[in-house]
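See below for the structure under consideration.
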Amino acid sequence: MDLSTLKPASGSVQCKGKRLGRGEGSGKGGQSTKGHKGQKAISGYSKKVGFEGGQMPLQRRLPKFGFKNINSVKYKAVNLSAIEAFAEATGETDINIEKMVEYGLVPKNTLVKVLGNGTLTKKVNITANAFSKSAIAAIEALEGTAVIA
């Protein structure tokens, strides 16, 4: 055993990487591996997102597309078959949006449109934001009312 064979335990010393710019004797002095001049050699360089070396970036080469209509109105559709099931389950004849929310037919704070898919067997009075023509015809055929709220 002599002092030249001593070394730290494996895993206790972590490599700190290249020591750049610490003089010519280190072999990594001068330009510190960055070459001569150029964008990447300059102090404070950071590449912008999407930068392609001066070529027009992809997100600027592609055209804009799409349109969002600010005047569009989105309704939650409820069919007559669902209203029939609701009326049978609860025994209600006067159905409005609050009762539909309670029963779970529609989420809160949505506009409701009643559609004519399905059949009604008893008279019901429905209050909603909109109705299809077939839904109004089916409701009024059984002497019910379709009221727009």
Query raised in the report: Reachable lysines from K48, Cα under 23 Å, same-chain residues fewer than 8 places away excluded?
Result: K34, K37, K40, K64
**Report entry** Part-to-part distance (alpha-carbon centres) for region 106-120 and region 32-96, which is given in Å
**Finding:** 28
Query raised in the report: For region 1-88, rounded, prolate or oblate, judged on the Cα gyration tensor with a ≥ b ≥ c (square roots of eigenvalues), a/c < 1.5 rounded, else prolate if a/b > b/c?
Result: oblate
Query raised in the report: Where a ≥ b ≥ c are the square roots of the eigenvalues of the C-alpha gyration tensor, would you call region 75-148 rounded, which needs a/c under 1.5, or, failing that, prolate if a/b is larger than b/c, or oblate?
Result: oblate
Report task. Report Rg (one decimal) and Dmax (nearest whole number) for region 39-118, counting Cα atoms only, units Å. Result -> 26.8, 79
Report summary line: Filtering chymotrypsin sites (Phe, Trp or Tyr not before Pro) in region 1-87 by DSSP loop and by at most 10 other Cβ atoms within 10 Å leaves Y45, F65, F67
Requested in this report: Using only the Cα atoms, work out Rg/Rh for the chain, with Rh taken as the Kirkwood radius, to two decimals.
Outcome: 1.60
Requested in this report: Measure nothing fancy, just the Cα-based angle from helix 80-90's long axis to the longest principal axis of the chain, in degrees from 0 to 90, nearest 10.
Outcome: 80
Query - FRET efficiency, K64 to Q39 (Cβ-Cβ, R0 25 Å, nearest 0.05) - result: 0.30
Requested in this report: Under 16 Å Cα to Cα from K108, which aspartates and glutamates show up? Leave out anything in the same chain fewer than 8 places away.
Outcome: E98
Report task. May I ask what percent, to the nearest 5, of DSSP beta bridges between residues of the chain are antiparallel? Result -> 5
Report task. Can you figure out the FRET efficiency of A141 with K76, using R₀ = 22 Å and their beta-carbon distance, to the nearest 0.05? Result -> 0.35
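Read the figures in this text as sums done on the coordinates, not as results from a lab. Since we're looking at a predicted model, the values are computed, not measured. FYI the Cβ positions are ideal-geometry reconstructions off the backbone, even for glycines, and counts take in every protein chain you see.
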